[in-house]
Each structure stands twice: as structure tokens, then as C-alpha cells.
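Chemist: Structure below; questions to follow.
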Amino acid sequence: MEMVLLISILSLIFIGIGTLITEKNAAYLLSGYNTMSKEKQEQVDLKELLRFSKKFHISLGVSQAVIGFSLYFSGYDEGLNLLLSTYAIVAYIYFIWKSAPFHPEQQMRSVYFGIGVLSICLLGILSLFFLKD
């Protein structure tokens, strides 16, 4: 029962992120955008970035729920644990890479840094699953 609750909460958080961030609150809530100067914020195609972000987060939440519940009800606990531990990290690596063009003066160094940090985390988690005793 705890796993059903965990899958539900995580999926709803991702869907909530996709639906709650709007043009009105992006200056406060949208990561990366909220730390830019006003001049740089004006260069960002905010409508397209929010459209991409919304589609990404809703898809992430729904797909995680569908796959998670499928694994749970089929009794594949190891696969469910792996999914809950790594799926969002892989998805956010994709998100960082695909959202870079929305920022006209995006520094690729920060994109590579973000992807690198998430990749190291992913490798660490995977090593816990596959390098057991």
C-alpha cells in the first residue's frame, strides 16, 4: 500500500509542476529563469518554454504512474524500485538538454554541468542496484 501512495504522490508532484507554473509566476518558480536578469528574461521565449515544460512534466507524471502501477500490480518489486529511483533523473537529463535552445544566451557549460551531475547521480544509484554483494 505504501508503494501505491509513493507512486501516486510522485506522479502528482510532476503533474502539478506542469500545471502550476504559468507566465505570471514563472519569474518566481521556473528554475533558471527566476535567476536571470530582466534583460535576459525578455530574450527567453517563455511561452514555448512553458509549453514544453508543461508537456514534459505531465507526460513524466502520467508515464511514471502507468509504468509504476503496472510494475506494482505485476509484482515486479525490483523493477519498481529501479523505476522510482532512476526514471525522473533520466527524464530530467533529457529535459535539460532539450530546453537549452529556449534560452538564447544559454551557456552550454551549465547544461553540461547539470547533465553531468545528474549522470553521476544516476550511475551511483544504478551501481547500488547492480553491484550488490
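Chemist: Where residues in the range 1-33 are assigned to a loop (DSSP other than H, G, I, E, B) and hydrophobic (A, V, I, L, M, F, W, C), which of them is nearest to H57 (Cα to Cα)?
Modeler: Residue satisfying both the conditions and the ranking: I21.
Chemist: In the range 65-106, how many residues are within 21 Å of L50 (Cβ to Cβ) and of a type outside the set (D, E, K, R)? Can you show your working first?
Modeler: Restricting attention to the range 65-106, the residues satisfying the condition of being within 21 Å of L50 (Cβ to Cβ) are 88, 91-106.
Those still in the list that are of a type outside the set (D, E, K, R) too: 88, 91-97, 99-104, 106.
The qualifying residues number 15.
Chemist: Say we look at the range 85-126 and pick out the residues that are touching a residue at least 60 places away in the same chain (Cβ under 8 Å) and buried (at least 18 other Cβ atoms within 10 Å of the Cβ); which of these is nearest to Q41 (Cα to Cα)?
Modeler: Looking at the filtered set, the residue picked out is H103.
Chemist: OK, next. Consider only pairs whose beta carbons are under 9 Å apart and that are at least six residues apart or on different chains; among these, list those whose first residue lies in the range 55-75 and is touching a residue at least 12 places away in the same chain (Cβ under 8 Å) and whose second residue is of a type in the set (A, V, I, L, M) and not in a helix (DSSP H, G or I).
Modeler: H57/I21
Chemist: Specify the residue that is surrounded by the fewest Cβ atoms within 10 Å (Cβ to Cβ); the eligible residues are those in the range 37-51 that are touching a residue at least 24 places away in the same chain (Cβ under 8 Å) and not in a helix (DSSP H, G or I).
Modeler: Applying the first criterion (touching a residue at least 24 places away in the same chain (Cβ under 8 Å)) to the range 37-51 yields 40, 43-45, 47-50.
Now narrow it down to the ones that are not in a helix (DSSP H, G or I): 44-45.
Values: V44: 20, D45: 13.
Only one residue fits best here, namely D45.
Chemist: Quick one: which residue in Y33, Y76 is at pLDDT below 90, surrounded by 12 or more Cβ atoms within 10 Å (Cβ to Cβ) and of a type in the set (S, T, Y)? First the steps, then the outcome.
Modeler: On the way: Y76 fails: at pLDDT below 90.
When all the criteria are applied, what remains is Y33.
The values are calculated or read from the model by the stated rules, or taken from the named source; none is laboratory data. What you see is a predicted model, and the numbers here were worked out from it, not measured in a lab. In this analysis, Cβ positions are derived from the backbone assuming ideal geometry, glycine residues included, and neighbour counts consider all displayed protein chains.
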